[in-house]
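Everything on this sheet refers to the single structure shown next.
The values are calculated or read from the model by the stated rules, or taken from the named source; none is laboratory data. None of these values were measured; they are calculated from a predicted model. Glycine also receives a Cβ, built like all others from the backbone with ideal geometry; neighbour counts cover every protein chain displayed. The area values use the complete protein model at the heavy-atom level, side chains included, leaving out ligands, DNA and RNA. Shrake-Rupley method; radii C 1.70, N 1.55, O 1.52, S 1.80 Å.
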Amino acid sequence: MKTRLLITCASAAALAAASACTETPDNEAAPIPWVPVSAQLAAFDSCDDALEGIQDAAITAFEHYEYDALYATEEFAAGDSAREPGGTPEGEAQSTGDDAFSETNNAVAGVDEPDVVKTDGTFIYTVTDFDALRVVDTRSSEVVAERPTEDDAWGHQLFLGDDELLVMSALSIERGDEWVSEFRLERLDPRTLDVLDTFTMEGAMVDARLVDGQVRLAIGTEPQIQFVWEQLHTDDPSDEDIAAAVRDTELADWVPSYEVNGAAHEVDCGSIAHPERFTGSSVSVLALPADGAWTEAAPQTVMVDGSTVHGTSDSLYLAHYDYAWSEDGDEAAQAESEIYRFTFADGEARLVGEAAVPGTLLNQYSLSEYDGHLRVATTELPSSGGCGPFDCIWGSGQTEEGEPSKSTVTVFAVGDDALEETGSVTDLGVDEHIYAVRFLGDTGYVVTFRQTDPLYTIDLSDPENPVVTGELKITGYSGYLHPVGPDRLLGVGQEADEQGQTMGLQASLFDTGADEAAVLDQYFRADAESSVQWDAHAFLYWADASIAVVPVENWDIYDGEIGAVVLDIGDTTLTEAAWIEHSEAEDDAYGYGAQIMRTIVIGDQLWTLSNSGLQSNQLGGSYETTAWVAW
């Protein structure tokens, strides 16, 4: 596979390689100019203007960032190029009664997020990358429809509409000497799995939302410029040779094409926007009706490397991480996250607001829109020498010179066509970085960690003057926070010793009724972790039974255990109600077949999903196993 990796140290998607690609430039080379608050976008006037502007920006990026031969390998090219990848008011929607069923653990009520499993209360729809799309009838515990997934497809995700199943994936496609990624959205008949409509676009999905019968998509695309990479990968490419190769590109090499039910389309040049500084990567935002009959689409393309999406009923926010060395090329890098707001009208996405905040976002929970304001939590991670953002995030929160990291919550008024900063509170977790965020109404909760876990409580009732009202310090940290009733918050993460060394899975029940949170009870499982710490969709809170279900993994080859713990949430207590394993799962050397990925409640049954099948257990009591559906 030929590499087509754009060497862009501003790309959040390439953070894993950032420590290698952010080597300090030669002091004699002029750095890329740093433009604070560079989120101010401009549209191109014409296709010729777009091509020239994109080429200019790419040449500037290639001149000032050094290429590391380690990342020219076939393995890296395949990994990065072809496979880039509960409770209300904000959380999973739930119904009540004997026919109640749980939904995806969404960040915002009424705004569905894609996942590998969906249910309508009778059928369970699930998909895996390496196996098949299946429909299971929970009444008979049988697979009633099945369609294999393609060998060269990955990243499968599902939406379930009123009378349609929407399947999203990425596909590796060979074009000449290159392998490229293609995003694919298929609308299926949920009973037969027959394809009803198809949309494809060059690239891979950043994220998506399903709101009021409308699928809102953010698709990231890397440029197809193999001959430029060939110049870059020579031993000593000259700036002139690189510039000449870039000037030979066409607009189609940079901007994605797409097809709607087989009909080819190009992004309108008037719908391409760009910030002050960019590298050639792009994200296209568009909407399609979930009920199908697709004939056209209207993408809005922004020349950024956006990787974080947050959706509300009215808005879709895209966050892009931007990064540059200081002028002498030897001191801490400057960084910000640029945020773009899109709204949707008549099936079209419209860019209506831009803002920039210092530092980096953890994930989509770092963003929250409430009462006409957007709240954003970020961490400023200083870097020096060869320390890139990935190293600083997971290493020390301090540079060699002793400059500490810090976190900030910034508030913006959401206008019809603008995001205007109203206030902020900073210096949270000095020398630490954010591990979890949850905004609930006019209160924010932020967890920072290095050796201990401060849980900050922030009063956001006055958007012009956010105030920290509490700072609870405990050992360990929470990687995910979820409301579990009035004045109750559940944290899932890791316990740690006084030196910050993690010791195992920890769930903490917090009382949030006062200005400062207090710990009511904790649950601990030694040497274990949970996917909930990095994937909120793995978490289930079922208010009717006052339980939370958390997948657990301990990969020790001698004493390891794989399953899910059911936690009984009392008013002041947190206790283990049951331990669930897939004992009938496929036996493999590492236990991946039995790893529980998702949990669903349907009526009085608790369904758990692994790579080997679905299992149901009686909800409550001894949680007796009632059915096993093997793949």
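In this simple spin-label approximation, ASP556 and SER238 carry label points 7 Å from Cα along the Cα→Cβ vector, and these lie 6.2 nm apart. In this calculation the C-beta distance from GLU498 to GLU471 is compared with R0 = 22 Å, giving a FRET efficiency of 0.80. The packing ranking of peptides 405-411, 341-347, 552-558, highest mean first, is 405-411, 341-347, 552-558, where packing means the average number of other beta carbon atoms within 10 angstrom of each residue. Packing order of peptides 486-493, 453-460, 425-432, 302-309, highest average first: 302-309, 453-460, 486-493, 425-432 (average count of other Cβ atoms within 10 Å over each peptide's residues). Scoring 174-185, 139-150 by mean Cβ neighbours within 10 Å over their residues and listing the highest first yields 174-185, 139-150.
Shown in residue order for the stretch 137-151 are the 3J(HN,Hα) couplings computed by the Karplus curve 6.51 cos²θ - 1.76 cosθ + 1.60 at θ = phi - 60°: 7, 6, 6, 10, 6, 10, 6, 9, 7, 8, 9, x, 8, 6, 4 Hz (x for Gly and Pro).
Note on the stretch 136-214: Rg/Rh from Cα positions, Kirkwood definition for Rh, rounded to two decimals, is 1.03.
Once you divide the Cα radius of gyration of the stretch 101-173 by 2.2 N^0.38 Å, the number left is 1.14. Taking TYR323, TYR435 and ordering them by how much accessible surface each has at a 1.4 Å probe, largest first, produces TYR435, TYR323. Between THR343 and THR575, the distance separating the two model label sites (each 7 Å from Cα on the Cα→Cβ line) works out to 5.1 nm.
Once the Cα-Cα distance is subtracted from the 0.36 nm per residue extended length, the ALA264 to GLN618 segment shows a gain of 122.4 nm. The heavy atoms of MET597 offer some 40 square angstrom of accessible surface to a 1.4 angstrom probe. Taken one residue at a time, the phi angles of the stretch 553-566 give Karplus couplings (6.51, -1.76, 1.60, θ = phi - 60°) of 10, 10, 8, 4, 5, 9, 10, x, 8, 10, x, 9, 9, 9 Hz. Gly and Pro are set to x. May I ask you to compute the full-extension gain from ARG350 to GLN214, defined as 0.36 nm times their residue separation minus their alpha-carbon distance, rounded to one decimal in nm? Length difference between fully extended and current span is 47.5 nm. Electrostatic tally near ASP212: other residues with Cβ closer than 14 Å to its Cβ, Lys and Arg +1, Asp and Glu -1, net -3.
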